[in-house]
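The values are calculated or read from the model by the stated rules, or taken from the named source; none is laboratory data. These numbers come from a predicted model, not from an experiment. Neighbour counts run over all protein chains shown; Cβ positions are idealised from the backbone, glycine included. For accessibility, only protein heavy atoms count, side chains too; no ligands or nucleic acids. Shrake-Rupley method; radii C 1.70, N 1.55, O 1.52, S 1.80 Å.
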Amino acid sequence: MSANIDTKQLIACQQCDALYDKPELKQGQSVKCIRCGSTIAERKVDSIERSFNWSLAGLFFLVPAILLPIMGVTLAGQYHHASLLDCILVLIDRGFFMIAILVFLFAIAVPIVRLFGAFYITYSFKFNKLKPSLLHFLRAFHHLDNWAMLNVFMLGIVVSMYKLLDDTDLSVNMGLFAFILWLISSTMASAALDQDYIWQRLEDEFVD
Amino acid sequence: MSLSINTAKESNLALCPKCHKLNQLRDGDSHQKIQCVRCHGFFYQRKPHSLQYTLAWNIAALIAFIPANLYPIMIIYSLGIGDPSTILSGIGQFVDHGLYPIAAIIFTASIIVPLLKIAGLFLLVYRVHTGVRLRPDKHSKFYHILEFLGPWSMLDVFVVALLVAVVELGFITSVAAGPAINYFTLTVIFTMIAANSFDPRLLWDKKQSNE
């Protein structure tokens, strides 16, 4: 209980609070907690470069994924298609405001903000434009961790296709491919982001 | 525990939940609000009143789950005649059409996962509170599964949202969302907040204080 513990030399498991000496990790290595088995720290390979490229790709696919029609149906000679944005607009039109807002948040807003966030952070690191405001930015970024549901929406598309295949003519549009690519690149962008390393760099730069 | 493991709490340290920086507690008050030296965010050593919050959100989720299953989630209009279906009858239609994998996916996402989450969190809160047969290693894995499964319950909501937008052929056929969709979304969000409110470190704290 001495007052001069060096917190820089210690890490704790987020899941069970076990305290360890901080290990020196090489790229690609990770440490697991011996008590609860969860990963405590991980040093990802080429984190900044990979995350930057994936998020750039994600930004490229973002607009077509939202605006292009995902799928369309033909029944009795009539054809109608809808994009991700149409889902929101139709729900608002029919008066389901709560669902419209939540679908907008989980399937559009949060993924976009996370993608821009990952892009901005990796951009700042790649071109050495570190600012103290990044500390606040990254903390805000963490609040959105659980709320991006692109993968769930993808499964939703598959299920509703099965539902429609039964008694209508279903056509798949370009929006679906753009959406899949957007899903892949934004998932990879956030998976490649090495947050321990980023925090460490920011700390060395701006704290003390 | 064969190895004696020192925890951050015993060493008078607190881990920032956002940036994972260890912070030193001033004058050893474990309930104080701490400002992280690295990210300047405020946090507590343990989530305050974690069990109460988890329990409260959990009960709210359970209450919202009842109308979510009683009211129709989707109404299919064909030639002006409406055909309402609840979550369960929608699954029944898939079974009737022989689409068993899809029926299984929807049944898992909309019925099993919410119920498993609610029941599981009740169990975790009970075990942490009483310390009866507490197995932190097993229970923290269980908690992670619950946390991971949470968002997948939104599946049915997204399906309905897509169908409403795509199937819009005027008088011939159209799909409208039913009132249950609001309650169901609330269930999913409440269980996600409940899982977020639970602090898995309490499992280990309780185990250690029992020994």
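Before moving on, here are some points about what is shown:
- B:148, A:125, reordered so the largest accessible area comes first (probe 1.4 Å): B:148, A:125
- Lys/Arg +1, Asp/Glu -1 at C-beta; the range A:21-91 dipole; positive extreme among A:75, A:41, A:54: A:41
- Computed FRET value (nearest 0.05) for residue B:130 with residue A:191, which takes r as the C-beta separation and R₀ as 41 Å: 0.60
- Estimated dipole of the protein assembly as shown in Debye, rounded to 20 [Cβ of Lys and Arg +1, of Asp and Glu -1, Cα centre]: 1200 debye
- Exercise: per-residue mean of other protein chain Cβ atoms within 10 Å, A:22-33: 0
- In the B-A interface, the accessible area buried, summed over both sides, Å² (probe 1.4 Å): 6400 Å²
- Ordered by 1.4 Å accessible area with all protein chains kept, A:187, B:7 run largest first as A:187, B:7.
- Nearest-0.05 FRET efficiency for residue B:123 and residue B:37, computed from C-beta distance (R0 30 Å): 0.20
- Approximating the spin labels as points 7 Å out from Cα along Cα→Cβ, the residue B:88-to-residue A:129 distance works out to 5.7 nm.
- Note: relative contact order over chain B, using C-alpha pairs below 8 Å and six or more positions apart, is 29 percent.
- Note on A:88-97: average number of Cβ atoms from other chains within 10 Å of each residue's Cβ is 4.
- Threshold 20 Å², the range A:154-200 residues less accessible with all protein chains present than alone (1.4 Å probe): A:155, A:156, A:159, A:160, A:162, A:163, A:164, A:166, A:196, A:199
- Charge tally for residue A:75 (other residues, Cβ to Cβ under 15 Å; Lys, Arg +1; Asp, Glu -1): -3.
- For the protein assembly as shown, with all protein chains in place and a probe radius of 1.4 Å, 63% of the accessible heavy-atom surface sits on carbon or sulfur.
- Rolled with a 1.4 Å probe across the full set of protein chains, the surface gives residue B:20 an accessible area near 60 Å².
- Extension gain for residue A:173-residue A:31 works out to 46.7 nm (0.36 nm per residue, less the C-alpha to C-alpha distance).
- Local electrostatic count at residue A:93 - Lys and Arg +1, Asp and Glu -1, tallied over other residues with Cβ under 12 Å: -1
- Placing unit charges on each Cβ (+1 for Lys and Arg, -1 for Asp and Glu) gives the range B:47-210 a dipole about its Cα centre, and among B:189, B:60, B:132 the Cα reaching farthest toward its positive end belongs to B:132.
- Environment charge of residue A:128, counting only residues whose C-beta is closer than 13 Å and scoring Lys/Arg +1, Asp/Glu -1: +3
- For chain A, the list of Cys residues with no other Cys C-beta under 4.7 Å reads A:87.
- GNM flexibility winner over chain A from A:54, A:147, A:182 (Cα, springs under 10 Å): A:147
- Taking label points 7 Å from Cα along the Cα-to-Cβ direction, residue B:81 and residue A:22 give a separation of 7.1 nm.
- Taken per residue, the accessible surface of chain A reaches 48 Å², heavy atoms only and a 1.4 Å probe.
- Relative contact order for chain A, counting Cα pairs under 8 Å that sit 6 or more residues apart, in percent: 30 percent
- Here the 3J(HN,Hα) profile of the range B:64-73, calculated from phi with Karplus coefficients 6.51, -1.76 and 1.60 at θ = phi - 60°, is 5, 6, 5, x, 4, 9, 7, 7, x, 8 Hz, Gly and Pro shown as x.
- Bridgeable aspartates and glutamates around residue B:206 (alpha carbons under 14 Å apart, same-chain partners fewer than 8 residues away excluded): A:17, B:10, B:137.
- Length gained on full extension, residue A:145 to residue A:165, computed as 0.36 nm times the residue gap minus the Cα-Cα distance: 3.8 nm.
- Estimated 222 nm signal from helices in chain A, with DSSP H stretches of n ≥ 4 weighted -39500 (n - 2.57), rounded to 500: -17500 deg cm²/dmol
- Diffusion coefficient of chain B by Stokes-Einstein, Kirkwood radius over Cα pairs, 20 °C, 1.002 mPa s: 108 µm²/s.
- Karplus-derived HN-Hα couplings along the range B:74-91 (A = 6.51, B = -1.76, C = 1.60, θ = phi - 60°), whole Hz, x at Gly and Pro: 8, 10, 9, 9, 10, 6, x, 9, x, 10, x, 9, 8, 4, 5, 6, x, 5
- Here the 3J(HN,Hα) profile of the range A:163-175, calculated from phi with Karplus coefficients 6.51, -1.76 and 1.60 at θ = phi - 60°, is 5, 7, 4, 4, 10, 9, 8, 9, 10, 9, 10, 4, x Hz, Gly and Pro shown as x.
- Area accessible to solvent at residue B:209, 1.4 Å probe radius, in Å²: 90 Å²
- Given charges at beta-carbon only (K, R positive; D, E negative), |dipole| of the range A:54-208 in Debye: 260 debye
- For residue A:173, nonlocal amide neighbours, meaning residues 5 or more places apart or on other chains whose placed amide H falls under 5 Å from its own, are A:71, A:72.
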